[in-house]
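Below is one structure, written out as structure tokens; the observations come after it.
Derivation of every value follows stated rules applied to the coordinates shown; laboratory data play no part. Note that this is a predicted model, so its numbers are computed, not measured. FYI the Cβ positions are ideal-geometry reconstructions off the backbone, even for glycines, and counts take in every protein chain you see.
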């Protein structure tokens with residue numbers, strides 16, 4: 001963890017706690033740290049696996065700074081009596097704003113233009129006819145949980161048409177509030193100008209978007225992913241972008257992070273990429289810390305973790 005970030009966190013945590021930062025993510029270092037601490041906070045940079053949990057002889061709680069749990073061995077945690085919690089809802093606004101930033105950034109070719117300017121190129125003539133607005137666009141949101149709903153709320157100001165797919169409908173009242181209409185996944189893919197992935201990674205959603213799904217999209221469609229990299233079959237996405245099956249993509253998440261050098265997605269003009277930044281907003285940190293340490297203090301007092309955050 002960068003020293004500047006550690007100092008910022010240290011300045012806002014409650015009194016009586018000492019932070020110990022992981023200086024290396026190798027297995028031995030992870031296990032050594034787990035053996036020393038009562039509580040662990042993780043942003044998802046390494047697996048919370050059986051080895052780490054068993055090394056944590058004093059561990060009472062592992063708290064995810066975020067909501068995704070695909071790196072957690074929750075079964076072993078339950079077996080060992082270690083609580084698992086996540087920071088539900090704390091970064092929904094940050095992720096929603098970032099998803100819209102990717103839509104705008106790709107739609108107005110901001111990344112492409114910026115790169116061109118750095119290289120001494122004036123690309124106005126080349127790019128102006130390729131840009132688009134969010135106004136009057138059909139935007140399909142896959143996953144209408146807290147983040148999906150927050151995206152829909154913020155898109156209302158752009159006067160976009162919102163459709164969504166979820167395991168189940170959010171109900172008439174919520175649809176009216178969000179001005180959103182339910183679609184099956186094939187219907188959403190066929191109808192949407194922009195498809196936003198905001199669903200959790202589960203056995204059901206792993207590989208949800210692959211070759212067959214790209215074939216169902218408009219050639220002018222843009223895919224935005226702020227969910228998890230493995231929701232998309234990356235090889236099929238690369239092919240869809242290279243062949244013009246879809247127009248483009250804005251990606252904040254990838255199956256392998258950091259993304260290996262040489263990945264074609266890093267050098268495509270029709271793919272805007274960012275390093276899993278959507279949930280990270282510096283000015284949101286105090287709110288997240290308050291939520292995390294609120295749960296730590298509950299566990300310390302012998303109380304359950306807040307119901308919305310509790311996993312195990």
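One table, with the values for the structure above:
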item: Nearest-0.05 FRET efficiency for residue 277 and residue 136, computed from C-beta distance (R0 22 Å); result: 0.20
item: Share antiparallel - DSSP beta bridges, segment 92-273, percent rounded to 5; result: 0 percent
item: Structure-derived Cα extents along the principal axes in Å - corresponding label in (i) 52, 44, 38; (ii) 60, 51, 34; (iii) 63, 51, 40; result: (ii)
item: For the chain, built as a Gaussian network whose Cα springs stay under 10 Å, the top-fluctuating residue of 189, 33, 123; result: 123
item: Net length gained if the chain between residue 4 and residue 118 were fully extended (0.36 nm per residue, minus Cα distance); result: 38.2 nm
item: Segment 92-273: Rg to Rh, with Rh as the Kirkwood radius over Cα pairs; result: 0.96
item: Contour minus Cα-Cα distance for residue 204 and residue 20 (0.36 nm per residue); result: 62.6 nm
item: Nitroxide proxy distance, nm - points 7 Å out along Cα→Cβ at residue 239 and residue 168; result: 3.6 nm
item: DSSP bridge pairs, the chain: antiparallel proportion in percent, nearest 5; result: 5 percent
item: Residue with peak Gaussian network fluctuation, the chain [Cα springs, cutoff 10 Å], from 253, 142, 233; result: 233
item: C-alpha center-to-center spacing [segment 140-154, segment 177-253] in angstrom; result: 14 Å
item: Estimated 222 nm signal from helices in the chain, with DSSP H stretches of n ≥ 4 weighted -39500 (n - 2.57), rounded to 500; result: -10500 deg cm²/dmol
item: Over segment 71-180, volume per residue of the alpha carbon convex hull, in Å³; result: 155 Å³
item: Gaussian network model of the chain, springs between alpha carbon atoms under 10 Å - residue of 91, 284, 263 with greatest fluctuation; result: 263
item: Directionally averaged projected area (convex hull, Cα atoms, segment 1-151), nm²; result: 13.0 nm²
item: Burial order of peptide ranges 124-135, 295-306 (average beta-carbon count within 10 Å, highest first); result: 295-306, 124-135
